[in-house]
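Readers should treat all values here as calculations from the given coordinates under stated rules, not as data from a laboratory. As the structure is a prediction and not an experimental result, all values here were calculated from the model. No Cβ is skipped: glycine too gets one built from the backbone with ideal geometry, and neighbour counts run over all protein chains shown.
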Amino acid sequence: MPFRPSLPLLSALLGLTQCQAPAIEPLDKMPEATQRGAGTAGCRVDGQLWVARYDGTIGVPSSPAASARWAKAGNGTHPLRLLFAKETYEDRDAVQNQTRVKLYVPDILRPGTFVFDRPATPYIGLNPTAYAGFTYGRPSPDQEYLTGPQHTGRLVVTRLDTVARVVSGTFEFTAVEVSGGLTGNGTPVPSGKTVRVTEGRFDCKF
């Protein structure tokens, strides 16, 4: 007589099979809030998750996804430049692909909070004010968004270790697209379109 498992047994076996199925990890997830120089950065861009990631198939192969520069400048200040990039092959048609987050502080020696509420002047030598920016690399040419008096934000540096050369912290800002022209004092002319960056965090070596 052939064996016919009962309905309860079939249900139990099916449930066991489903429980043993491996969980599918999302391709991108917000990085942990670490302070060890993990080389990570993430945020939300207009509510959508954005994670710095570079798979080596677009742009310069040696470019890290999250990088920091801190050193003494010729005028005696210690500017901090943070650059986070998302350039991946499998998501090459996504709106957020080939995008960058840029954070700049003109002088920093210790952890602290820096407000982005002054005109950004990223095109004239050493910038006198702190600012943040977001750039869409597609379609060409780049569409750059910058903070300013009406579009503000802040950077909170929670660790600046000049011995271990680690910088980490959080950020948020609203930036306005610039049209490509400059005003008389060197600040970009806004176009009116904005981008909102929230829940930002980073942990980099410099």
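Computed values, structure above
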{"quantity": "Ordering of 140-153, 66-79 by burial proxy (mean other Cβ atoms within 10 Å per residue, highest first)", "calculated": "140-153, 66-79"}
{"quantity": "Difference of contour (0.36 nm per residue) and Cα-Cα distance, V189 to R36", "calculated": "51.2 nm"}
{"quantity": "Fully extended contour minus Cα-Cα distance, from V115 to A71, at 0.36 nm per residue", "calculated": "13.8 nm"}
{"quantity": "Residue-count net charge about R81 - beta-carbon cut-off 9 Å; Lys, Arg +1, Asp, Glu -1", "calculated": "+2"}
{"quantity": "Built amide H within the under 5 Å cut-off of T129, gap 5+", "calculated": "T121"}
